[in-house]
1. Does residue A:225 satisfy the criteria of being at pLDDT 95 or above, under 30 Å from residue A:19 (Cβ atoms) and among the small types (Gly, Ala, Ser)?
2. Of these, A:50, A:106, A:73, which one is under 30 Å from residue A:366 (Cβ atoms) and polar (S, T, N, Q)?
3. Just checking, how many residues over the range A:279-293 are free of Cβ contacts under 8 Å to residues at least 24 places away in the same chain and either buried (at least 17 other Cβ atoms within 10 Å of the Cβ) or in a helix (DSSP H, G or I) (or both)?
4. Go through the range A:69-136 and tell me which helices (runs of 4 or more DSSP H), entirely inside it, have 2 or more residues that are modelled with pLDDT under 95, buried (at least 17 other Cβ atoms within 10 Å of the Cβ) and at the interface with another protein chain (Cβ under 8 Å from one of its Cβ atoms).
5. Based on what the data block shows, is residue B:55 in a helix (DSSP H, G or I) and in contact with a strand residue (DSSP E or B) (Cβ under 6 Å, 6 or more places away or on another chain)?
6. Listed residues B:265, B:238; which is more than 11 Å from chain A (Cβ to nearest Cβ), of a type outside the set (S, T, N, Q) and without any contact (Cβ under 8 Å) to a residue 12 or more places away in the chain?
7. Which helices (runs of 4 or more DSSP H) does the range A:302-381 wholly contain that include 1 or more residues that are among the aromatic types (Phe, Trp, Tyr)?
8. Could you list all residues from the range B:1-39 that are in a helix (DSSP H, G or I) and either closer than 26 Å to residue B:175 by Cβ or more than 7 Å from chain A (Cβ to nearest Cβ) (or both)?
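The values are calculated or read from the model by the stated rules, or taken from the named source; none is laboratory data. The structure displayed is predicted, hence computed values, not measured ones. For neighbour counting, all protein chains shown are included, and Cβ atoms are generated from backbone atoms with ideal geometry for every residue, glycine included.
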2 protein chains.
Amino acid sequence: MIYLDNAATSYPKPERVYDEMLLCMKEFCANPGRAGHELAIKSGRAVHETREIVSRFFNIGNPMRVVFTKNATEALNIAINGVLKTGDHVITTSMEHNSVLRPLKTLEKENIIELTIVRGNYFGEIDIMDIERSIKKNTKMIICSLSSNVNGIIMPIIDIGKIAEDKGILFLVDASQGAGSMKLDVQEIKADMFAFPGHKGLLGPQGIGALYVSEKVKITPIMRGGTGSRSESFYQPEIFPDMLESGTLNTPGIVGLGFGIKFIESFGIDNIRIYKHMLVKRLYEGIENLSGIKLYSLNDINKNSGIISFNFIGIDSTKVSFMLDSMCGIASRSGLHCAPLAHETIGTKASGTVRLSVGCFNTIKEIDVTIEALKRISQML
Amino acid sequence: MIYLDNAATSYPKPERVYDEMLLCMKEFCANPGRAGHELAIKSGRAVHETREIVSRFFNIGNPMRVVFTKNATEALNIAINGVLKTGDHVITTSMEHNSVLRPLKTLEKENIIELTIVRGNYFGEIDIMDIERSIKKNTKMIICSLSSNVNGIIMPIIDIGKIAEDKGILFLVDASQGAGSMKLDVQEIKADMFAFPGHKGLLGPQGIGALYVSEKVKITPIMRGGTGSRSESFYQPEIFPDMLESGTLNTPGIVGLGFGIKFIESFGIDNIRIYKHMLVKRLYEGIENLSGIKLYSLNDINKNSGIISFNFIGIDSTKVSFMLDSMCGIASRSGLHCAPLAHETIGTKASGTVRLSVGCFNTIKEIDVTIEALKRISQML
C-alpha cells in the first residue's frame, strides 16, 4: 500500500512514537496532576515534558501557555468561542476548513459577530491588501490557516501577523496543515493563538492537539470541570493551562506527540521540508502533462505544504480515488475536503478534488509508482 | 508497587487493550470517515465496532447515539451546555464532581439557570423524596452521578430515573465512577443522557470518553468543525453522531475502549463487581478498627462502587498518602477529589480524605499488604 493521505492523518508514525506510547501505557500511565504517588508524578512529568517540547518547537516561551486538546478542532473552537463577544468583527479567508468556518458562520447567524471572508485567487492565494482593507473599528480577530488542506497553498501568515499586530487585532493561526512541515515560530508569526493537531505533520497519534494562547488574550473556557487545581472552588480556575484543560488528559497521546516532534527535531525540520517538496515536485512534474488533468496545487516549496490536488476533467474525483486504491493500492482522498469555500475558490465545488498528500516516510519509488498509476488511469478514462 | 488509584485512572489495562491499540496504530490508523481508501475504511469500521460494543454493553439500542468525546468531562459539558436554556431549572446532588458542578454553577452565576442541589447524608446518601420535592414547573433536567468519586457511594439512579420520566424531566447520569463496575442499562435507568470515561472502570486508555444521547433530547453542539459529512455546508450537520463529533476522532483510543469493554464482558461484569467488592470488604474490615481511623465509605456492595475513603483523625490526608507511597509503595489519592460539596457533605472539606480505589487487577495479597501498611502507619502517627 502507498499511503498518500498524510494531510488527513500521517501514517506511519516514527517507531519511537509507538514504543513510548506503549511504555507510557504499560509502565506509568496514572492520572497526571491528580495525585502525589510515583506513577501520577511520572505521568504529570511526561505531560509537562511535552509542553516543553511543543513550546521549544514553536518558540512559545512559556510552556504553561500550551493547552492540550483532543484535536485542532477543539483548539479552534476554544479560541473562537472563548474570545469573541457580541459586536466583534472577524476577518478570515475563503481557504479555511470547516473547523474555522462552521464556528464563525454559526456566531454570524446568531448575530453575535460580523464576518468578512477574504477570497483567494484560483490557487487560493490571498492578497493581504484585501485583509487590510477589510479591517473595521470593531475587528477583534483575524483567523487564517497556515496552509490549505484542499490544495496545500501556504498562506501569507507572516504578513498578516504584522498587520494584526499593527492594528491591535488578535491573530489566530490554524496550523493544522503545515505544522511539522516547515519551521514555525509563534513570535515571528506574531500569532496570539496557534492551533494544531498532533496526528498530522507532527507525527503524533490521533486524539491529541493543542492551542497556544499568548498572555495578551482574554479567554473564557468552553468546558469546565476537574482540573486537579483549586478543587474547593465551584468555578473554573483562571490559571493556565488548567483553565482550558478540564478532565483527565490523554497522557499516552501527549507522550506520542512529544516523541513525534522529537523525531522531527532529530531529522531536522528543514530536511523534512525539502524532502517532502522533492516528492511533491516529482509527482507534480510526473503528472502535469497527463491528458485531461487539471492541477489545483502549486509546484513551489514556498507555496505548498505537501499536497497535490487534481482532477481529470469531467471525471468524478471519487472514481479516480477508488481506482487508485482498488487497482494500485494507493490511498488518496477525494471529494470535498471539509472546506466548501476553498473548493468554490479553486473552482471544484461540484467535483471535489483528488488529493495526494505526502509524508516524510513516503519514498521516491512510491511517487514513481503513483505517477505510473495515474498515467494508466488517464489512459483508461 | 500496589496501585489503588483506579478511581482516577485504572491501571494496568488488559494486555489485549495495549496490543490492539498498537495494532491499530501500526497497521491501519488512517482517518475514520474521511476517505474511501482501505485504511480509512478499516479505521471507520473499528470506530463503528466500538460504537456497537458500547451500545450493547449499556443497552443503548442505536449505536449512532453514542458520541465519542475526549473524556467524561467533555461529555458532561456537551450534555449540560448543549441542552440547558435560559430559565431552566436543574436539580443535582451535593455528591457531584466538579465536571458537573462547575458547568452548572457557571450557568447559574450567568443567570441562565436556576439550580437546586440536594444534599446527601453523612455518607452521601440522597433521599429521593428531596429530589421529588425540588421539582418545579421549569425543571428541565436532573443530573446525578452513578457513584461518588470521593467515597464510592452508589446513588439511587433507578429511582431518580423513574421520577424524571414520570415528570417529563430529562435525566443525565454521570457514570464516571461505576461504569465497568456494575451492570448498567440505560433503558432501565431511564437515562436520557449518560456520560462516561474510557480510562476508569471500562479499562480503556486515557483520551476517550462518550456520551449517550437519547432520541428524545434536543441538543446543540458546543464545538463545530469537520465531520466528514455534509462538507458543503457552513453549519454543523444535525445527524448523529456527527453533530457532536467534530474533528478527527481518537481511533486507537476508541479501539482501546472497545477491547476494555470486551475484556469486562468476557470476565463477566457481575464477577468483576463481586471480586472488587470482596477486595473492598477485606480492606474495610482490615482497617475499620485501627486507632484513630474514620471511614467515609460504606461496606455494602449495593452502596459502594469500589472506593474506601478515610482519614486518621487529626492527620493530614496528604501525609498519609505520602507515607503509603514512600514507605510502602502503595498508590492512593489524598486531598479534595475535585468534588468540594461531596467533601462538605461527608465532613472532610478541610482535611480531604485518603482514597483507596480498587480495580479488577488488584489481588487479595495487595489488599493484605495495604492493611498491614496502614496498621504500621496508624502506630507511627
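1. Details: at pLDDT 95 or above: yes; under 30 Å from residue A:19 (Cβ atoms): no; among the small types (Gly, Ala, Ser): yes.
So residue A:225 does not fit the description; no.
2. Working: A:50 fails: under 30 Å from residue A:366 (Cβ atoms); A:106 fails: under 30 Å from residue A:366 (Cβ atoms).
So the residue among A:50, A:106, A:73 that is under 30 Å from residue A:366 (Cβ atoms) and polar (S, T, N, Q) is A:73.
3. Applying the first criterion (free of Cβ contacts under 8 Å to residues at least 24 places away in the same chain) to the range A:279-293 yields A:281, A:285, A:288-289.
Then keep just the ones that are either buried (at least 17 other Cβ atoms within 10 Å of the Cβ) or in a helix (DSSP H, G or I) (or both); that gives A:281, A:285.
So the answer is 2.
4. On the way: elements: A:72-81, A:98-109, A:128-134.
Of the helices (runs of 4 or more DSSP H) lying wholly inside the range A:69-136, none has at least 2 residues that are modelled with pLDDT under 95, buried (at least 17 other Cβ atoms within 10 Å of the Cβ) and at the interface with another protein chain (Cβ under 8 Å from one of its Cβ atoms).
5. Numbers: in a helix (DSSP H, G or I): yes; in contact with a strand residue (DSSP E or B) (Cβ under 6 Å, 6 or more places away or on another chain): yes.
Yes.
6. Working: B:265 fails: without any contact (Cβ under 8 Å) to a residue 12 or more places away in the chain.
Result of the check over B:265, B:238: B:238.
7. Numbers: elements: A:317-328, A:340-346, A:364-380.
In the range A:302-381, the matching helices (runs of 4 or more DSSP H) lie at A:317-328.
8. Taking the range B:1-39 as the starting set, the residues that turn out to be in a helix (DSSP H, G or I) are B:15-28, B:38-39.
Hits for the range B:1-39 are B:15, B:16, B:17, B:18, B:19, B:20, B:21, B:23, B:24, B:27, B:28.
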